[in-house]
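Shown next, in structure tokens, is the structure this report addresses.
The values are calculated or read from the model by the stated rules, or taken from the named source; none is laboratory data. Quick caveat: nothing in here was measured; it's all calculated off a predicted structure. Here the Cβ is made from the backbone with ideal geometry for all residues, glycine too, and neighbour counts use every protein chain on show.
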């Protein structure tokens, strides 16, 4: 997959499968899927005309999305502590055990400063309470949500172990987004990966939480895929669909901590199992009329059919870290992303002594934003470079150098080819959340 | 070939062009109504705003 595939005028030809060939301009994601049965030596003149007509605008659109999209979300770690011991966690164990917890005063100061930063924004920024386990300081969060709910949209990521029914009622009432961590459909395997000690884990709590949320639209389940659970993804989709979960992320384990490296699933095995999970999700959605979306695959679909509408900002270069989102840790340090929590050199300063704007302009944040696929030898000639984005800079920095291709490069290439196959099979409507699809319209349609 | 100037389509006809064996599939979509909170947490759309009393 290099420049030898070049066709003309910036487009490349890529074999997708026995039935389909792809024409792609990697600089702006203009694409066309050609049916091999019908395709002669030349592309139709009106298709080439469409490309010429759209090229400049699409170039500009992707460049804007990559380099000028503004901050829209802030992750806040209200505590560095966690009651679980997941073997792949990107937060160093010492921090998880003895880390700081935010005071009510500091959390209020953080939210006031975020509010001030967005005072001229037409959009409500999103605040996500995230790692380690935010429910260790539950009342602090709920008080903050009550106070600032007209200023921000809120989300909470949790292992659900400290969740009570009344908490679920509260989050539903304030329309907060909620992410529940769950790694396997079977208790023993899940509790091995999402351990809380003494042979226990979060399985029972997470399943109880899913029942309490009862199909709530703001609910997602987030799964970290390792070599231990890579073969159970399809079954996980079935179990979660039965629990009325409509959104699931099947994220590859990040290798930011050395201890996670040995947990990485084989790229081919992961792709095979993820594809089976997606096929099952589409089948269940189609047959029951009740949707379950695999979010990370949906994001790849969006990267192709509506690049500027994608939500997850890991698979874009530069990634969203220190650009469209940042993280405020429990002691007030501002980081481009929570994945950098173990690397003090990436701190953009402490929010108590500084500001959001200062962090965004810091050298540390610029260092992450400067990392683009064009600067990575293995990526700069790859036709999929602006669909994959070569994640993740924190992970790759931890593994020696952020200017290298993604550790799961072959996995991403397989999944991008699969995404084009799904588009050829006319499955897009089953792969994106219906509320997102309702918000979309065609910019152009070759027909 | 039709472009967005001629055809404004939304979700209802979001499928790729309906032909028995399409020669070429090519399209581009955009968010007609920008989601308020663009984040990878609340994915692909915000939580609908049917507020309930606290």
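Looking at A:175, A:149, which is the one that is under 27 Å from residue A:71 (Cα atoms), facing another protein chain (nearest Cβ under 10 Å), out of contact with any strand residue (DSSP E or B) (no Cβ under 7 Å at 6 or more places or on another chain) and modelled with pLDDT of 90 or more?
Exactly one of A:175, A:149 is under 27 Å from residue A:71 (Cα atoms), facing another protein chain (nearest Cβ under 10 Å), out of contact with any strand residue (DSSP E or B) (no Cβ under 7 Å at 6 or more places or on another chain) and modelled with pLDDT of 90 or more, namely A:149.
When only residues in segment A:418-429 that are in a helix (DSSP H, G or I) and at the interface with chain B (Cβ under 7 Å from one of its Cβ atoms) count, which is farthest from residue A:306 (Cα to Cα)?
Filtering first and then ranking leaves A:424.
If you scan segment A:244-258, which residues turn out to be assigned to a strand (DSSP E or B) and away from chain B (no Cβ under 14 Å)?
Selection gives A:252 alone.
Could you give every pair whose Cβ atoms fall below 7 Å, whose first residue belongs to segment A:325-336 and is within 14 Å of chain B (Cβ to nearest Cβ) and over 17 Å from residue A:72 (Cβ atoms), and whose second residue is in a loop (DSSP other than H, G, I, E, B) and modelled with pLDDT under 95, counting only separations of at least 6 or pairs across chains?
Correct list of pairs: empty, since none qualify.
Yes or no, residue by residue, for (1) modelled with pLDDT of 95 or more; (2) surrounded by 22 or more Cβ atoms within 10 Å (Cβ to Cβ); (3) over 25 Å from residue A:95 (Cβ atoms):
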residue: A:293; (1), (2), (3): no, yes, yes
residue: A:315; (1), (2), (3): no, yes, yes
residue: A:338; (1), (2), (3): no, yes, no
residue: A:347; (1), (2), (3): yes, no, no
residue: A:357; (1), (2), (3): yes, no, yes
residue: A:368; (1), (2), (3): yes, yes, no
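One residue is enough: does segment A:374-385 have a residue meeting the conditions without any contact (Cβ under 8 Å) to a residue 24 or more places away in the chain, at positive phi and away from chain B (no Cβ under 14 Å)?
No, the conditions are met nowhere in segment A:374-385.
Looking at A:192, A:228, A:241 in this structure, which one is under 18 Å from residue A:90 (Cα atoms), in a helix (DSSP H, G or I) and modelled with pLDDT of 95 or more?
A:192
Exactly one condition in (1) within 14 Å of chain B (Cβ to nearest Cβ); (2) over 30 Å from residue A:147 (Cβ atoms); (3) assigned to a loop (DSSP other than H, G, I, E, B) is not met by residue A:216; state its number.
(2)
Within segment A:430-442, take every residue that is facing chain B (nearest Cβ under 7 Å) and either at pLDDT 90 or above or within 13 Å of residue A:294 (Cα to Cα) (or both) and give me the one that is surrounded by the fewest Cβ atoms within 10 Å (Cβ to Cβ).
A:433
Scan segment A:9-19 and give yes if some residue there is closer than 30 Å to residue A:366 by Cα, more than 8 Å from chain B (Cβ to nearest Cβ) and either surrounded by fewer than 20 Cβ atoms within 10 Å (Cβ to Cβ) or modelled with pLDDT of 90 or more (or both), otherwise no.
Yes - at least one qualifying residue is present in segment A:9-19.
Just to be sure, is residue A:287 surrounded by fewer than 21 Cβ atoms within 10 Å (Cβ to Cβ), at pLDDT 95 or above, touching a strand residue (DSSP E or B) at 6+ places or on another chain (Cβ under 8 Å) and farther than 17 Å from residue A:72 by Cα?
So residue A:287 fails the test.
Kindly indicate whether any position in segment A:34-47 is touching a helix residue (DSSP H, G or I) at 6+ places or on another chain (Cβ under 7 Å), modelled with pLDDT under 95 and in a helix (DSSP H, G or I).
The answer is no, given that none of the residues of segment A:34-47 is touching a helix residue (DSSP H, G or I) at 6+ places or on another chain (Cβ under 7 Å), modelled with pLDDT under 95 and in a helix (DSSP H, G or I).
Does residue A:182 fit the bill of being closer than 26 Å to residue A:73 by Cα and either touching a strand residue (DSSP E or B) at 6+ places or on another chain (Cβ under 8 Å) or modelled with pLDDT under 95 (or both)?
yes
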